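In what follows, a structure is listed as structure tokens, so that the remarks can point back to it.
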Amino acid sequence: MENKVKRIGVLTSGGDAPGMNAAVRAVVRTALTQGIECVGIRRGWNGLINSDFVRMDSASVSHIIDKGGTILYTARSKEFMTEEGRDQALATCKLLGLDGIVAIGGDGTFRGALALSRQAAAAGSSLSVVGIPATIDNDIGCSHYTIGFDTACNTAIECIDKLRDTMQSHERCSVVEVMGRHAGYLALYVGIAVGATAVLIPEREVDFENDVVEKIRRARLAGTTHYMVVVAEGAGSAIDIGKRIHAEVGIDPRVTVLGHIQRGGSPTARDRETASRMGYEAVLSLVENRGNRIIAIRDGHTLDLDMEEALAMTKTFQMDRYQVLEALTNNGGPRIL
Ligand code: F6P
């Protein structure tokens, strides 16, 4: 069968995530292997609106698999959310002769991708858009995993391990806020991995007395003199939680907001490997003309799903992991879940 796809664009959009570069590399190299030209669209969807692009050859993606951030830059485009902005983007696609776009990012990126694909179809264009989930939040409904999550977990763990050293020496309580937007995956995985005293996540209503005060008390009764409370940003502000601990337990916590440090750094093996697989699958899905798709990891396997259906999917939060945390840090207290 003749390959109808001659030229594609690749872009990164939304918050950056370690492993985005590995995904760009995989898209470019797979495309070239298939005899397809590749254009890097810079600064997210804005690049399509502003004709901000760079031609990609094999060497242009050399030595980036280990780099955090994204060589294509990224942005959250307000203009692309308008019909006029997308019309402009479609005009750029036409001018450059793009048959497909691979968009690497999170939820907002995919909502933009879906709107673009619908507008393209309405205008009689055969442009296909494929999404690759990349966000440290791991909050994409259709995929069990998103590029960047593992690296962000490891970065947060490294920081918290360091905090623990000083908290232990001074016999203090540390309250650490981790990212995750509205999701608690990062906080939960990190909390388990550092053996946190308490973890607060948005998926579970916080009962301050049971979830924080009682856990600190039990830890103290079990002989501990330092405590680690991990707060997902979606569950509240670490500063407020710290003040409340001070008021209700009478200890003086130190608060750390890890912030954007969690988005940087060299991607882990898991993120490099996942990004490589997803980039490869994204190009194959364009070559095999499967239309507008999102690449997902489900039960360890890579597959492409219809974009509209994929965006309607929700993920059941892994409450079993919270039970693990409870079992390991409950210090003999009652089973809470
Ligand atoms: O979606 C990734 C993320 O890092 C979230 O965890 C966080 O809430 C948000 O982006 C921060 O966005 P910004 O880079 O605009 O500060």
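The values are calculated or read from the model by the stated rules, or taken from the named source; none is laboratory data. Computed from a predicted model, the values in this text were never measured in an experiment. Backbone-built Cβ (ideal geometry, glycine too); neighbour counts: all protein chains shown. The accessibility values were calculated without ligands, DNA or RNA, using every heavy atom of the protein model including side chains. Shrake-Rupley method; radii C 1.70, N 1.55, O 1.52, S 1.80 Å.
Expressed as an acute angle from 0 to 90° and rounded to the nearest 10, what is the orientation of the C-alpha long axis of helix 319-329 relative to the principal long axis of the chain?
30
With point charges of +1 on the Cβ of Lys and Arg and -1 on the Cβ of Asp and Glu, referenced to the Cα centre of the chain, which listed residue (Leu186, Asn331, Ala269) lies farthest in the positive direction of the dipole?
Result: Ala269.
Angle check, please: helix 149-170 long axis (alpha carbons) against the longest principal axis of the chain (alpha carbons), in degrees 0 to 90, nearest 10.
20
What residues have an amide H closer than 5 Å to that of Cys38, excluding those fewer than 5 places away on the same chain, when H is modeled at 1.01 Å from N in the peptide plane?
Excluding prolines and chain starts, which carry no amide H, the hits are Ile8, Met56.
Once you sort the root eigenvalues of the Cα gyration tensor of the stretch 231-316 as a ≥ b ≥ c, which label holds: rounded (a/c under 1.5), prolate (a/b larger than b/c) or oblate (the other case)?
Prolate, since a/c reaches 1.5 and a/b exceeds b/c.
Taking θ = phi - 60°, what integer Hz values does the Karplus form 6.51 cos²θ - 1.76 cosθ + 1.60 yield along the stretch 248-254, in sequence order, with x for Gly and Pro?
Working through the residues one at a time gives 9, 10, x, 9, 10, x, 9 Hz.
Among the DSSP beta bridges whose two residues both lie in the chain, what percent are antiparallel, rounded to the nearest 5?
Taking every DSSP beta bridge within the chain, about 25 percent pair in antiparallel fashion.
What whole-number distance in Å separates the alpha-carbon centres of the stretch 120-167 and the stretch 295-317?
After rounding, the separation between the Cα centres reads 14 Å.
Could you run the Karplus curve 6.51 cos²θ - 1.76 cosθ + 1.60 with θ = phi - 60° over the stretch 9-26 and give me ³J(HN,Hα) per residue in whole Hz, x for Gly and Pro?
x, 10, 9, 10, 9, x, x, 6, 8, x, x, 4, 5, 5, 5, 4, 4, 5
Tally up the carbon and sulfur contribution to the accessible surface of the chain as a whole percent, 1.4 Å probe, everything protein left in place.
After summing per-atom areas, the C and S share lands at 49 percent.
For Leu200, list long-range residues whose amide hydrogen, built 1.01 Å from N in the peptide plane, is under 5 Å from its own amide hydrogen.
Val230, Val231, Ala232
Tabulate in residue order the Karplus-calculated ³J(HN,Hα) for the stretch 123-131, using 6.51 cos²θ - 1.76 cosθ + 1.60 with θ = phi - 60°, rounded to whole Hz; enter x for Gly and Pro.
8, x, 8, 9, 4, 10, 10, 10, x
Going by a ≥ b ≥ c, the root eigenvalues of the Cα gyration tensor, does the stretch 1-129 fall in the rounded group (a/c under 1.5), the prolate group (a/b larger than b/c) or the oblate group?
oblate
May I ask you to work out the translational diffusion coefficient for the chain at 37 °C, viscosity 0.692 mPa s, via Stokes-Einstein with Rh from the Kirkwood sum over Cα pairs, reported in whole µm²/s?
Reported coefficient: 156 µm²/s.
Under a Cβ-only charge scheme (Lys and Arg +1, Asp and Glu -1), can you give me the dipole magnitude of the chain about the Cα centre, in debye to the nearest 20?
So the magnitude is around 520 debye.
Express the accessible area of the chain per residue in Å², computed with a 1.4 Å probe while the remaining protein chains stay in the model.
44
Report, please, the projected area of the stretch 149-264 averaged over directions, based on the convex hull of its C-alpha atoms, in nm².
One quarter of the hull surface, i.e. the mean projection, equals 6.3 nm².
Out of residues 5 or more away from Val255 or on other chains, whose amide H comes under 5 Å of its own, with H placed 1.01 Å from N in the peptide plane?
Val175
Taking a threshold of 24 Å on the Cα-Cα distance, which of the pairs Lys162/Lys215; Lys6/Lys94; Lys4/Lys78 fall above it?
Long pairs (Cα-Cα over 24 Å): Lys4/Lys78.
Report, to the nearest 10°, how far helix 185-194 tilts away from the longest principal axis of the Cα atoms in the chain, using its own Cα long axis and a range of 0 to 90°.
The helix 185-194 is inclined about 50 degrees to the chain.
Count the net charge of all other residues whose Cβ sits under 10 Å from the Cβ of Met56, scoring Lys and Arg as +1 and Asp and Glu as -1.
For residues surrounding Met56, the net value is +1.
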